[in-house]
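Below is one structure, written out as structure tokens; comments come after it.
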Amino acid sequence: MDEEASLALDGTGVAGSVAPAVARRAVQWWLALHGGDATAAQLHAWQRWRAENAEHERAWQRIEAVSGQLAGIPLPLASAALAAPAGARRRRAVRLLTALVVVGGGAALLRQAPGWQSWHADASTATGERRTVRLPDGGTLVLNTDSAIQLHYDASARAVRLLRGEVLLQTAPDAQRRPFLVHTVDGAVRALGTRFIVRQHDGFVRVGVLEGAVELRPAGAQGQPRVLRAGEEGSFSRDGAGAAQALDAGAGAWVDGMLVAAHMRLDAFLLELSRHRRGHLGCDPALAHLLVSGAYPLADTDKVLLALTQALPVELHYLTRYWVTVRPRAAKK
């Protein structure tokens, strides 16, 4: 980000520009003063900093406005920053809060950031990680790579909010007969006694049913929910749901650490594999049509890539360890 670039904040009501360096300093002051042990000397220094020029005061008003919007909402990123002042979590917290001060958007923008989602989630996973969560009603939930969820159980409903990524859910009978819902940005999925998978894509949600049945409830659609039954999968956006299709044979294999492919295009296979691997994994367009079949262990994606070179006319080009492109195999001289 250009240190000279700045934008007026439209989410907090505080007009005027704030340079990133000034915004970062305002965030540092905010964290220091909310740590609970600020000295009189620090308070005087903070007041002098605010009075030095109008931009400093604007930055402070903006961070105060942001913190006001977050009142009553747990702020794990700030807590982490205060608890570990020299750690990586503090640096991430400072970056996120600084972005709010510079570009605006307030609490709504923060909730959309991946860092906020992980800190604010009840359970989350990093790239390449999977995690099983025991639900309060006795059911289970498994998070796939780079996923995050929130749980909300009360007297009227059992709810999971999928913040990002993919989950496999096994519901349990409920003595109170409360509905079980999975909420996404595009709508909700209601379980009808079932084992099913929900994956948030960019602009739509894909659902696969392993046992039982589910209802798809797009946020903006009218009429009856679409029902998917065991062995079916389907997708929906905010505006509606698509037709049911046969569930892919490899659906859910990731729970056991496997990527199963049956005549999958190489570009699609590598895109799926890249979810479980840090960095960039690219495919030369000339190879995109090649088909991949088999079961591949996700615990070692380097071995999976090596296996491709033995099964297909491809080779691996490493720019760095985290930037790999699958290219056509060079002809032997």
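Okay, here's what the table says:
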{"quantity": "Hits in the range 274-283 - residues which are touching a strand residue (DSSP E or B) at 6+ places or on another chain (Cβ under 9 Å) and either within 17 Å of Gln310 (Cα to Cα) or open to solvent by 50 Å² or more (accessible area, probe 1.4 Å) (or both)", "calculated": "Gly279, His280, Cys283"}
{"quantity": "Residues of the range 131-161 that turn out to be in contact (Cβ under 8 Å) with a residue 40 or more places away in the chain and either touching a Pro at 6+ places or on another chain (Cβ under 6 Å) or of a type in the set (A, V, I, L, M, F, W, C) (or both), as a count", "calculated": "1"}
{"quantity": "Subset of the range 271-302 [in a helix (DSSP H, G or I), closer than 23 Å to Asp248 by Cβ and charged (D, E, K, R)]", "calculated": "Glu272"}
{"quantity": "Within the range 299-319, tally of residues that are of a type in the set (Ser, Thr, Tyr) and open to solvent by less than 70 Å² (accessible area, probe 1.4 Å)", "calculated": "2"}
{"quantity": "Close pairs (7 angstrom Cβ cut-off, 6 or more residues apart or separate chains): more than 21 Å from Leu97 (Cα to Cα) and open to solvent by 30 Å² or more (accessible area, probe 1.4 Å) in the range 111-130, at pLDDT below 55 and assigned to a loop (DSSP other than H, G, I, E, B) anywhere", "calculated": "none"}
{"quantity": "Within the range 251-260, considering residues that are within 20 Å of His201 (Cβ to Cβ) and part of a strand (DSSP E or B), the one nearest to the chain's Cα centre (by Cα)", "calculated": "Leu259"}
{"quantity": "Count of the range 92-145 residues which are modelled with pLDDT under 90 and of a type in the set (Lys, Arg)", "calculated": "3"}
{"quantity": "Top-ranked residue in the range 284-293 [being within 30 Å of the chain's Cα centre (by Cα) and loosely packed, with under 11 Cβ neighbours inside 10 Å; ranked as farthest from Asp256 (Cα to Cα)]", "calculated": "Pro285"}
{"quantity": "Residue within the range 261-270 that is open to solvent by less than 50 Å² (accessible area, probe 1.4 Å), touching a Phe, Trp or Tyr at 6+ places or on another chain (Cβ under 8 Å), assigned to a strand (DSSP E or B) and small (Gly, Ala, Ser) present", "calculated": "yes"}
{"quantity": "Which listed residue, of Arg265, Arg217, Arg226, is within 17 Å of Gln200 (Cα to Cα) and in contact with a strand residue (DSSP E or B) (Cβ under 9 Å, 6 or more places away or on another chain)", "calculated": "Arg217"}
{"quantity": "Residue that is open to solvent by less than 70 Å² (accessible area, probe 1.4 Å), closer than 25 Å to Glu166 by Cβ and either out of contact with any Asp or Glu (no Cβ under 8 Å at 6 or more places or on another chain) or without any contact (Cβ under 8 Å) to a residue 40 or more places away in the chain (or both), where the choices are Tyr322, Tyr296", "calculated": "Tyr296"}
{"quantity": "Count of residues meeting criterion [in a strand (DSSP E or B) and within 19 Å of His276 (Cα to Cα)] in the range 127-136", "calculated": "2"}
{"quantity": "Residue list for the range 20-59, filter: more than 19 Å from Val101 (Cβ to Cβ) and among the β-branched types (Val, Ile, Thr)", "calculated": "Thr39"}
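The values are calculated or read from the model by the stated rules, or taken from the named source; none is laboratory data. Every value quoted in this text rests on a predicted model; they were computed, and no experiment measured them. Cβ atoms come from the backbone with ideal geometry, glycine included; neighbour counts cover every protein chain shown. Note: areas computed on protein heavy atoms with side chains; ligands, DNA, RNA excluded. Shrake-Rupley method; radii C 1.70, N 1.55, O 1.52, S 1.80 Å.
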